[in-house]
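For reference, the structure discussed in these notes is given below.
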Amino acid sequence: MATQLNVVSIDFLPHVQQLIPLTFFFSKAHTPSADQTKWLKQWFWKTAFSRRYSSQTDEKMDSDITCFEGFVAGNTGTLEKYSYSVSAEQLVKQKFTRNSPLVRAFLLLLAQKNPLNLVNGNKVDLGKALSKYNSKEYHHVFPRAYLKKREFPVEKINSVANFCFLPADSNKKISSKAPSDYFVTVVPQAAFAEILESNLLPLNKEVYEKNDFEKFLTLRSQRLIEFLDKQLV
């Protein structure tokens, strides 16, 4: 979980129930093959971005173990009964809070891209950002203070789609600057596309130049779903 998916702390595991079938699998197969690793990752993302364990958890875990028994026996088709349920619209509406399994799944999804610091292009220390929940490690892409002045509702300001990884010291350099300002004066222009891509941020410069928050949320949430879909292939 730590080496393949950056789950370095159980605090960031979307659902603790995911450990049960995984523990069963590794009790049977200590060194998974490349195909098995791919299957396990697909299962993880499908269950991470769903409400599978929101009710009847004991029954779901029993069902998972049965599924994994089939997988260990070579039946990879058992994965077909799983699917994620989140949509781009749901991501926009989801508030950024550590209590949400969807938010924890979102952070782990971002981590798969090995995000680069918006301010200097350096790799974000994911070990630090994902070892203990600390709000200072996460950044409102469209700064909170900037959006509050423009009277956007708090729910929309704190949308999970408006967050990325960013250390506190770099966050201070952006502060309450408008995106039209800091995406030009702070984000390194020579690596602009690479930095944004690593954070699953829209590459459409016009969104930032026009401070178009609504369009940003739409494009960002769509980008997140597109990347999630790639984890399932």
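The values are calculated or read from the model by the stated rules, or taken from the named source; none is laboratory data. Just so it is clear, the model here is predicted, and its values are computed rather than measured. Cβ sites come from the backbone with ideal geometry, for glycine too, and all protein chains shown count toward neighbours.
Suppose we keep only residues that are part of a helix (DSSP H, G or I) and in contact with a helix residue (DSSP H, G or I) (Cβ under 9 Å, 6 or more places away or on another chain) within the stretch 136-147. Which one would you say is surrounded by the fewest Cβ atoms within 10 Å (Cβ to Cβ)?
Selected residue: Lys136.
Can you name the condition, by its number, that Val187 falls short on among (1) under 24 Å from Glu89 (Cα atoms); (2) surrounded by 15 or more Cβ atoms within 10 Å (Cβ to Cβ); (3) touching a helix residue (DSSP H, G or I) at 6+ places or on another chain (Cβ under 8 Å); (4) touching a residue at least 60 places away in the same chain (Cβ under 8 Å)?
Among (1) under 24 Å from Glu89 (Cα atoms); (2) surrounded by 15 or more Cβ atoms within 10 Å (Cβ to Cβ); (3) touching a helix residue (DSSP H, G or I) at 6+ places or on another chain (Cβ under 8 Å); (4) touching a residue at least 60 places away in the same chain (Cβ under 8 Å), the lone unmet condition for Val187 is (1).
Let's see how each residue does on (1) surrounded by 13 or more Cβ atoms within 10 Å (Cβ to Cβ); (2) over 27 Å from Met1 (Cα atoms); (3) more than 19 Å from the chain's Cα centre (by Cα); (4) modelled with pLDDT under 95:
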{"site": "Gln94", "(1), (2), (3), (4)": "yes, no, no, no"}
{"site": "Leu109", "(1), (2), (3), (4)": "yes, no, no, no"}
{"site": "Leu118", "(1), (2), (3), (4)": "yes, no, no, no"}
{"site": "Gly127", "(1), (2), (3), (4)": "no, no, no, yes"}
{"site": "Leu130", "(1), (2), (3), (4)": "yes, no, no, yes"}
{"site": "Lys149", "(1), (2), (3), (4)": "no, yes, yes, no"}
{"site": "Phe152", "(1), (2), (3), (4)": "yes, yes, yes, no"}
{"site": "Cys164", "(1), (2), (3), (4)": "yes, no, no, no"}
{"site": "Lys172", "(1), (2), (3), (4)": "no, yes, yes, yes"}
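Taking Asn211 as meeting all but one of (1) surrounded by 14 or more Cβ atoms within 10 Å (Cβ to Cβ); (2) part of a helix (DSSP H, G or I), write down the number of the exception.
(2)
Among the residues of the stretch 3-25, write down those that are among the polar types (S, T, N, Q) and either touching a Pro at 6+ places or on another chain (Cβ under 8 Å) or part of a helix (DSSP H, G or I) (or both).
Within the stretch 3-25, Thr3, Gln4, Gln17, Gln18, Thr23 meet the criteria.
Pairs needed: first member in the stretch 1-18, of a type in the set (Phe, Trp, Tyr); second member anywhere, not in a loop (DSSP other than H, G, I, E, B); C-beta distance under 8 Å; at least 6 residues apart or different chains.
Phe12/Arg104; Phe12/Leu107; Phe12/Leu108
Take the stretch 150-189 and flag every residue that is under 23 Å from Leu107 (Cα atoms), in a helix (DSSP H, G or I) and of a type in the set (S, T, N, Q).
Asn162, Ser170, Asn171
Within the stretch 56-84, count every residue that is within 17 Å of Trp45 (Cβ to Cβ), surrounded by 13 or more Cβ atoms within 10 Å (Cβ to Cβ) and not acidic (Asp, Glu).
Residues in the stretch 56-84 being within 17 Å of Trp45 (Cβ to Cβ), surrounded by 13 or more Cβ atoms within 10 Å (Cβ to Cβ) and not acidic (Asp, Glu): 9 in total.
Condition (residue is touching a Phe, Trp or Tyr at 6+ places or on another chain (Cβ under 9 Å), touching a residue at least 40 places away in the same chain (Cβ under 8 Å) and either outside the structural domain of Leu217 (by TED's automatic domain parsing) or of a type outside the set (A, V, I, L, M, F, W, C) (or both)) applied to the stretch 174-181: is it met by at least one residue?
Looking for residues that are touching a Phe, Trp or Tyr at 6+ places or on another chain (Cβ under 9 Å), touching a residue at least 40 places away in the same chain (Cβ under 8 Å) and either outside the structural domain of Leu217 (by TED's automatic domain parsing) or of a type outside the set (A, V, I, L, M, F, W, C) (or both), one finds none in the stretch 174-181, hence no.
When the residues of the stretch 216-233 are narrowed to those that are part of a helix (DSSP H, G or I) and without any contact (Cβ under 8 Å) to a residue 12 or more places away in the chain, which ends up nearest to Cys164 (Cα to Cα)? Spell out how you get there, then give the answer.
So in the stretch 216-233, the residues part of a helix (DSSP H, G or I) come out as 216-230.
Those still in the list that are without any contact (Cβ under 8 Å) to a residue 12 or more places away in the chain too: 226, 229-230.
Working: Glu226: 17, Asp229: 19, Lys230: 19 Å.
Ranking the qualifying residues of the stretch 216-233, first place goes to Glu226.
Being in contact (Cβ under 8 Å) with a residue 24 or more places away in the chain, outside any helix (DSSP H, G or I) and among the small types (Gly, Ala, Ser) is the filter here, so list the residues in the stretch 26-52 that pass it.
Ala29, Ser50
Looking at Thr47, Thr23, which is the one that is crowded, with 17+ Cβ neighbours inside 10 Å, of a type outside the set (D, E, K, R) and either out of contact with any helix residue (DSSP H, G or I) (no Cβ under 8 Å at 6 or more places or on another chain) or under 30 Å from His140 (Cβ atoms) (or both)?
Checking each option against the conditions leaves just Thr47.
For the stretch 111-122, state whether one or more residues are of a type in the set (Lys, Arg) and within 30 Å of Gln189 (Cα to Cα).
Kept after step one, since they are of a type in the set (Lys, Arg), are these residues of the stretch 111-122: 113.
Filter again for within 30 Å of Gln189 (Cα to Cα), leaving 113.
Yes, the stretch 111-122 has at least one match.
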